[in-house]
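The values are calculated or read from the model by the stated rules, or taken from the named source; none is laboratory data. Here the structure is a predicted model, which is why all the values come from computation and not from measurement. We place every Cβ from the backbone using ideal geometry, glycine too, and count neighbours over all the protein chains shown. SASA here: full protein model, heavy atoms, side chains in, ligands and nucleic acids out. Shrake-Rupley method; radii C 1.70, N 1.55, O 1.52, S 1.80 Å.
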Amino acid sequence: MKKILFLCTVLAISTMIFAQKTTSFSLTKGTKLIYNVEQGDNEYQFIMKITELDKGVSFDWEMTAPVNRSGSVTMTPEAMKNAVALFNYFSGGKTTLTDETSAFISRGAYKAIEEKKAVSLSVNGKNGTPELFEALKGTTSEKNGSIYIDYIKPVNGKDYSFDSYILENSDGEQVVRVWKNAEFPLILFMETNFKIYLTQVEQ
């Protein structure tokens, strides 16, 4: 009897754990993406809400205290198609990007990763110098010694594993982790002179 009760308990726990996971997730209009930002002594949230999801992509954003800013970003279809520069510094208000992307890499950049396992990106915007970022073959970096674990974050309260490319520059000091999604290649994690990483998703 005890063995039967134990087995039932294990099965019940396993079912509960399984129920708390989700196997499918797609970005939609209204999706809220919550990131944590660490910059110097400051730590705050960057919250973006998708408002357009087509050939072009738009989102509203806000930064919590101590920054306390808000605005919107529109990436034109051309930007989402070919841009290799990342817009990372927000002053507030409306921003339209024609040759940069933000929070996403372009579809062209993603295609380069798929085909060549490497891509040139400027993490300092269109006026920065592009650097070659190479995709890791596994989960361990030979450049900085990091061991990258699966990127699992809650989507509507249920854990979701984001399959991703991990990209490093030549010395491993800069890292960009990109969701494997050819249409909307979302940046999940980035470390340059600051660190930003997705912590949860709400729809």
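Each Lys or Arg adds one and each Asp or Glu subtracts one; over the other residues with Cβ under 11 Å from the Cβ of Tyr197, this totals +1. When every Cα-Cα distance of the stretch 105-203 is counted in 10 angstrom steps from zero, the calculated P(r) takes the values 15, 49, 31, 6 percent. Checking [x] 1.09; [y] 1.15; [z] 1.04 against Rg/Rh (Cα atoms, Kirkwood Rh) calculated from these atoms, the matching label is [z]. The Glu115 and Tyr89 beta-carbon pair, evaluated with R₀ = 35 Å, returns a calculated FRET efficiency of approximately 0.70. If you fit an axis through the alpha-carbon atoms of helix 107-116 and take the longest principal axis of the Cα set of the chain, what angle between them do you get, 0 to 90°, nearest 10? Helix 107-116 sits roughly 70 degrees off the main axis of the chain.
Helix 2-19 and the longest principal axis of the C-alpha atoms of the chain enclose an angle of approximately 20°.
Note on the stretch 28-187: with charges restricted to the Cβ of Lys and Arg (+1) and Asp and Glu (-1), its dipole about the Cα centre is near 480 debye. Distance between the pseudo-spin-label points of Lys180 and Glu131 (7 Å out from Cα toward the beta carbon): 2.5 nm.
Residues in the stretch 41-80 average 50 Å² of solvent-accessible surface per residue, probe 1.4 Å, ligands and nucleic acids excluded.
Every helix of 4 or more DSSP H residues in the chain counts as -39500 (n - 2.57), and over all residues that averages to -5000 deg cm²/dmol at 222 nm. The slack between Glu43 and Asn82, meaning 0.36 nm per residue of separation minus the straight C-alpha distance, is 10.9 nm.
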